[in-house]
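Just so it is clear, none of the values below were taken in a lab; they were calculated from the coordinates. Here the structure is a predicted model, which means the values were calculated and not measured. Neighbour counts are summed over all protein chains in view; Cβ atoms, including those assigned to glycine, are modelled from backbone coordinates with ideal geometry.
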Amino acid sequence: MSTYFSELFGNFNLDNLITISIALVIAIVAGTILTWGIFKVLKWTSKQDADSVLLKQAYVQLRRPASFLLPLLLFNILIPSPEDFPEATTAYDPSEIVSYLVRTMLYIIGAWFLMRVVNVFVEVVKEKNDIEATTNNYNQRKIITQLQFIQRMLNIIIVLFAVAFVLLEFKQVRQIGSGLLTSAGVTGIIVGF
């Protein structure tokens with residue numbers, strides 16, 4: 001069993017694993033405290049300004065993705081890069097694998113966060129164009145329909161970019177990722193006009 005491990009991971013020693021584990025613990029604790037503090041202030045501010053739909057929606061929509069995103073960003077900053085472990089020279093370098101996984105998760109959770117930001121702005125516009133407020137609500141319904149279309153298109157573009165960036169991380173499918181990135185860019189330009 002130990003020969004299989006040494007063949008798979010080469011000269012990777014326990015110090016490298018301890019370094020990665022300490023970075024993970026620090027990132028989770030600091031990221032959780034930071035997220036808690038930011039959203040505590042956001043909640044307090046939204047209670048002070050009772051009419052602010054933007055602050056209330058930001059608190060409701062962004063709290064969950066931010067609770068994953070901030071610790072992951074901190075872990076990405078704290079994690080030692082594969083170059084910090086010159087003794088681990090095999091194709092299956094654990095620090096490189098962890099680095100790939102963290103970046104992949106950052107792209108996915110970042111896309112989730114951006115989709116929630118789009119939802120925040122959609123809810124703010126919906127609140128400003130209250131359909132129930134007027135009897136002749138044709139213009140409000142028209143705005144809401146256009147807004148839903150824009151929201152769906154932005155979500156599709158965000159997902160395409162996230163999938164493209166994830167695919168760009170891996171050498172074997174980098175060509176597919178660059179093609180998706182190009183098509184997402186073209187789609188964004190077409191929707192912009």
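In Å, what Kirkwood hydrodynamic radius results for segment 15-65 from the alpha-carbon pair distances? The partial results should precede the final answer.
Values: mean 1/r = 0.0794 Å⁻¹.
Computed over Cα pairs of segment 15-65, the Kirkwood hydrodynamic radius comes out at 12.6 Å.
Using θ = phi - 60° in the Karplus curve 6.51 cos²θ - 1.76 cosθ + 1.60, the 3J(HN,Hα) couplings for segment 25-41 round to 5, 4, 5, 5, 5, 5, x, 5, 5, 5, 4, 4, x, 4, 7, 5, 5 Hz; x is entered for Gly and Pro.
Cβ neighbours within 10 Å, averaged per peptide: list 110-117, 148-155, 45-52 in order, most packed at the top. Could the numbers behind the result be given before it?
Values: 110-117: 18.2, 148-155: 14.5, 45-52: 12.1.
Output ranking for 110-117, 148-155, 45-52: 110-117, 148-155, 45-52.
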